[in-house]
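Only one structure is covered here, and it is reproduced in the block below.
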Amino acid sequence: MEGFAREAHRAYIKRVSEDADSFEYAVSEHLRMSGVYWAASALYLVGALDDLNRDDVIAFVFKCQHDCGGFGGNVEHDPHILYTLSAVQILCLFDALDQLDVEKVLAYIGSLQQPDGSFYGDEWGEVDTRFTYCALCCASILGRLDALDVPRAIHYIRACENFDGGFGCVPGGESHAGQVFTCVGALAIAGALEHCQRDLLGWWLCERQTPGGGLNGRPQKDADVCYSWWVLSALSLLERDAWIDSAALRKFILSCQDVQGGGIADKPGDEADVFHTFFGIAGLSLLHDESLEQIDAAHALPVKVLERIQSQRKAAS
Ligand code: GRG
Ligand code: ZN
């Protein structure tokens, strides 16, 4: 079996982050902010955050902020809660939260919450449990969950639960591992995991493991490296991560590496991309790979980064 190709992945992430002429750079133009979060997080987990230029990244992040407090996916793109979370996560990774007008960001996120507890993604009114997660994760990182109506947010998440213990993007929406992550993550952040049916949902999640060791997002679908994060993070928050075959999952993730060119693909033999590189490495971190930094399954940030933020907040109060 191939080992973890750390140096190749480092070089790959640096290359695709800097090469503005690459295919990957062009197709990720609309979500650059999240792309930077995936790249920076992956580098942090392999102990190489310094491969990115801190000043350039921070300048880019603030160029994407709007007067309302929200951030766009790129310079001159409209604000959206998805990119607002990525922006805040990037500032955390680079220890630059002190440059952020926290109240302004909280006002933006709070303005997106609806009377039923759900969240819009932006001013256009799409509702999705992904946006609930973004809101709670962001407010939690900023130490200000009190800025949101958390009980109503929990109520809305519960309305998205299905008979199989899983969750969808809206009430009645099919269970999907990505949405399960957002709902379990948000409930964990809210300290409300008692609302999950741990055993029923744990079963549904561990049944996502396919004979090849990889995880899929719902029944009958192919395994894909990113579900190593969406499924395993939820299992670990529910304390049911021992229910999957860890060695087989690790083997599947490693088989999706491009050991020469660097990066990790969705499936063996496919082209690598930064999204699957991050979620593959994050999955290996959740599998307790000791050569990697540990990641927090609820906030999708390194444990050390969250500890640093907490101690800074303590010192300031
Ligand atoms: C900070 C980690 C983090 C997340 C932010 C955006 C977000 C919040 C969460 C996304 C959750 C989600 C819905 C993930 C699934 C992404 C995915 C692979 C979707 C593919 O769906 P299909 O139907 O694929 O195309 P399948 O695998 O079902 O065939
Ligand atoms: Zn994927």
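Structure summary
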item: Within segment 128-208, helices (runs of 4 or more DSSP H) holding 3 or more residues that are of a type outside the set (Ser, Thr, Tyr), away from ligand 2 (no atom under 16 Å from the Cβ) and farther than 24 Å from residue 34 by Cα; result: 150-159, 198-206
item: Sole residue being without any contact (Cβ under 8 Å) to a residue 12 or more places away in the chain and among the charged types (D, E, K, R), chosen from 51, 19; result: 19
item: Yes/no for residue 254 being over 30 Å from residue 149 (Cβ atoms) and within 13 Å of ligand 1 (Cβ to nearest atom); result: no
item: Residue within segment 245-263 that is away from ligand 2 (no atom under 13 Å from the Cβ), closer than 30 Å to residue 94 by Cβ, assigned to a helix (DSSP H, G or I) and out of contact with any Gly (no Cβ under 9 Å at 6 or more places or on another chain) present; result: no
item: So residue 309, is it out of contact with any Asp or Glu (no Cβ under 8 Å at 6 or more places or on another chain) and surrounded by fewer than 20 Cβ atoms within 10 Å (Cβ to Cβ); result: yes
item: Filter pass, residue 117 being surrounded by 15 or more Cβ atoms within 10 Å (Cβ to Cβ) and out of contact with any strand residue (DSSP E or B) (no Cβ under 8 Å at 6 or more places or on another chain); result: yes
item: Residue pairs meeting the criteria (Cβ under 6 Å; at least 6 apart or on separate chains; first acidic (Asp, Glu), in segment 160-174; second surrounded by 15 or more Cβ atoms within 10 Å (Cβ to Cβ) and in a loop (DSSP other than H, G, I, E, B)); result: 164/175; 174/168
item: Any chance residue 296 is modelled with pLDDT of 95 or more and within 16 Å of ligand 2 (Cβ to nearest atom); result: no
item: Where a residue in segment 30-46 is farther than 7 Å from residue 73 by Cβ and its partner, wherever it lies, is part of a helix (DSSP H, G or I) and modelled with pLDDT under 95, with Cβ under 7 Å and at least six apart; result: 39/17
item: Test: residue 57 is touching a residue at least 40 places away in the same chain (Cβ under 8 Å) and hydrophobic (A, V, I, L, M, F, W, C); result: no
item: Options 187, 200, 136, 142; residue that is within 24 Å of residue 223 (Cβ to Cβ) and out of contact with any strand residue (DSSP E or B) (no Cβ under 7 Å at 6 or more places or on another chain); result: 200
item: Residue that is nearest to ligand 1 (Cβ to nearest atom), among those in segment 187-231 that are basic (Lys, Arg) and in contact (Cβ under 8 Å) with a residue 12 or more places away in the chain; result: 218
item: Considering residues of segment 209-241 that are hydrophobic (A, V, I, L, M, F, W, C) and outside any helix (DSSP H, G or I) only, the residue nearest to ligand 2 (Cβ to nearest atom); result: 226
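Rundown of residues vs (1) closer than 25 Å to residue 250 by Cα; (2) touching a helix residue (DSSP H, G or I) at 6+ places or on another chain (Cβ under 6 Å), yes/no style:
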residue: 158; (1), (2): no, yes
residue: 161; (1), (2): no, no
residue: 164; (1), (2): no, yes
residue: 167; (1), (2): no, yes
residue: 174; (1), (2): no, no
residue: 177; (1), (2): yes, yes
residue: 184; (1), (2): yes, yes
residue: 207; (1), (2): yes, no
residue: 214; (1), (2): yes, yes
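The values are calculated or read from the model by the stated rules, or taken from the named source; none is laboratory data. Here the structure is a predicted model, which means the values were calculated and not measured. Positions of Cβ are backbone-derived with ideal geometry, glycine not excepted, and every protein chain shown enters the neighbour counts.
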